[in-house]
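Here's the structure, in structure tokens; my notes come after.
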Amino acid sequence: MDKSFELLALDRRILDVLQDDARLSSQDIAQRVNSSPSSVWRRIRAMEDAGVINGFRITVDAEKLGMRETILVNVSLDRHTPETTAAFAEFVRNSPQVLECYVGTGGHDYTLKVVAADMRSHFDFLQKGMIQLGFIGKTDSTVVMSKIKETSKIASEIIPRRLR
């Protein structure tokens, strides 16, 4: 988003509806937010143009697709050069089992959310993939035993009015 964008009350209602079901038509959304289909369509386009909405996706149940393990992997590099950080980022982008990757603060450089069919395939990902990069200092994996909350929905009530 390059410029400031003011999120209207209508936009917030539209976002709440779309995040619950992005398959709805403008007509259906309009009924739910008490507006006209043309207004809804214009506001959705404005939010897309501003970068507030950056795509429409479905969610799938990883377990039902045979990916029974979710693992949070903390990774520390043994050296931090432009080449190693770029190579690690490229490895992550090309690893389909990595769903998310974050650079953060703390005792490690990266946190990854990884899915695997079983622990053997996760071990293979680490040993035959990541460790082979040659500059991984340490990994620490936490196997998710149960998910209490998993969402990508951003509730409208916590969004600031003026966006940058």
- Prolate/oblate/rounded call for region 32-81, Cα gyration tensor, a/c under 1.5 rounded: oblate
- Quick one: angle between helix 37-49 and the longest Cα principal axis of the chain, in degrees between 0 and 90, rounded to 10, please. 40
- Task: Under a 10 Å cutoff between Cα atoms, tell me which one of V114, V73, V17 has the largest fluctuation in the Gaussian network model of the chain.
- Result: V17
- Message: Output the 0 to 90 degree angle, nearest 10, between the alpha-carbon long axis of helix 9-20 and the longest principal axis computed from the alpha carbons of the chain.
- Response: 50
- Expressed in nanometres to one decimal, the distance between label points 7 Å along Cα→Cβ at T59 and F135 is 3.6
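Given only helices, namely DSSP H runs of n ≥ 4 each adding -39500 (n - 2.57), what is the per-residue ellipticity at 222 nm of the chain, to the nearest 500 deg cm²/dmol? Numbers along the way, then the final one.
On the way: 5 runs with 51 residues, N = 164.
Taking each H run of at least 4 residues, the total per residue is -9000 deg cm²/dmol.
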- Scattering profile of the chain at q = 0.09, 0.20 Å⁻¹ [log10 I(q)/I(0), Debye over alpha-carbon scatterers]: -0.46, -1.17
- Note on the structure: Under the Karplus relation with 6.51, -1.76 and 1.60 and θ = phi - 60°, whole-Hz ³J(HN,Hα) for region 67-84, x at Gly and Pro, equal 9, 7, 10, 10, 10, 9, 10, 8, 10, 10, 7, 8, 8, 10, 10, x, 5, 6
- Task: Just check region 1-92 against the gyration tensor rule for me: Cα atoms, a ≥ b ≥ c as the square roots of the eigenvalues, rounded for a/c under 1.5, and otherwise prolate or oblate depending on whether a/b exceeds b/c.
- Result: oblate
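Expressed as a fraction of 2.2 N^0.38 Å, the rule-of-thumb size for a compact globular protein of N residues, what is the C-alpha radius of gyration of region 76-164?
On the way: Rg = 15.9 Å, N = 89, 2.2 N^0.38 = 12.1 Å.
Normalised Rg, Cα atoms only: 1.31.
Considering only Cα-Cα distances, which of the following residue pairs are longer than 26 Å: K64/K113; K113/K153; K64/K138? Please list the in-between numbers first.
Details: K64/K113 18 Å; K113/K153 17 Å; K64/K138 31 Å.
Listed pairs above 26 Å: K64/K138.
Need the full-extension length gain, D16 to K147, defined as separation in residues times 0.36 nm minus the C-alpha distance. One decimal, nm. Walk me through the numbers on the way to the answer.
Numbers: separation 131, 0.36 × 131 = 47.16 nm, distance 2.26 nm.
Gain on extension, D16 to K147, equals 44.9 nm.
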- Would you check the accessible area of S146, probe 1.4 Å, heavy atoms only, in square angstrom rounded to 10? 90
- Inter-centroid distance (Cα atoms) of region 105-147 relative to region 4-59, Å: 37
- the chain, accessible area per residue, ligands and nucleic acids excluded (1.4 Å, Å²): 67
- With a 1.4 Å probe and every protein chain kept in, tell me what percent of the accessible surface of region 53-164 is carbon plus sulfur. 53
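Which whole-number percent is the relative contact order of region 31-164 (Cα, under 8 Å, 6+ apart)? Please list the in-between numbers first.
Details: 123 pairs, mean separation 40.0, N = 134.
Relative contact order, region 31-164: 30 percent.
The values are calculated or read from the model by the stated rules, or taken from the named source; none is laboratory data. Since the structure is predicted, the reported quantities are computational estimates derived from the model, not experimental observations. Glycine gets a Cβ as well: all are built from the backbone with ideal geometry, and neighbour counts include every protein chain shown. The protein model used for the area step is the full one, side chains on, heavy atoms only, and it has no ligands, DNA or RNA in it. Shrake-Rupley method; radii C 1.70, N 1.55, O 1.52, S 1.80 Å.
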